[in-house]
Amino acid sequence: MAGQGEETSQNLTGVWNGRYFYPRELAPVSFVATLIETATSLTGATHEPAGPATGTVRYATLQGQRDGNAVSFIKTYDNAGSNVDPIDYSGILNGDATEIVGTWRILGSWSGKFLMIRSPGKVASVARKVAERV
């Protein structure tokens with residue numbers, strides 16, 4: 001398990017490819033997340049297929065935080081209406097800040113696992129761009 005050394009110095013800002021898994025025999029869903037980390041706060045957005053038969057895309061916003069290697073955020077779907085509750089995500093960041101593994105939960109409903117990955121090359125690229133802005 002990752003400690004709180006190197007990963008706390010690597011910013012999570014960037015594009016992450018992810019997948020979440022249902023607790024039942026439903027197919028996993030792939031998504032793309034764009035995270036922006038400022039101090040310990042996380043914001044961002046995701047897009048994912050709305051369903052296998054529709055060919056449309058669902059968008060959501062992310063609001064959360066990071067404490068060392070612990071990452072948490074709430075995902076709220078855009079234009080979802082009253083039938084979709086926010087989803088709580090809690091995960092652990094690995095040592096080189098390229099993977100987040102954890103669980104998602106809809107309060108009072110169900111939960112499952114998720115995985116988010118970014119390539120190590122993108123970490124270095126994002127770090128350079130952030131440093132250039134300062």
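The values are calculated or read from the model by the stated rules, or taken from the named source; none is laboratory data. Predicted model only: the values in this text are computed from it and were never measured. Neighbour counts are summed over all protein chains in view; Cβ atoms, including those assigned to glycine, are modelled from backbone coordinates with ideal geometry. Ligands, DNA and RNA are stripped out before the accessible areas are found, and what is left, the full protein with its side chains, is counted by its heavy atoms. Shrake-Rupley method; radii C 1.70, N 1.55, O 1.52, S 1.80 Å.
Restricting the range 23-75 to chymotrypsin sites (Phe, Trp or Tyr not before Pro) that sit in a DSSP loop and have at most 16 other Cβ atoms within 10 Å of their own Cβ leaves nothing.
Accessible surface for T103 stands near 70 Å², nearest 10, in the context of the full protein assembly shown (1.4 Å probe). Taking a point 7 Å from the Cα of S109 along the Cα-to-Cβ direction, the residues of the range 47-79 with backbone N closer than 17 Å to it are 47-52, 58-63, 73-79.
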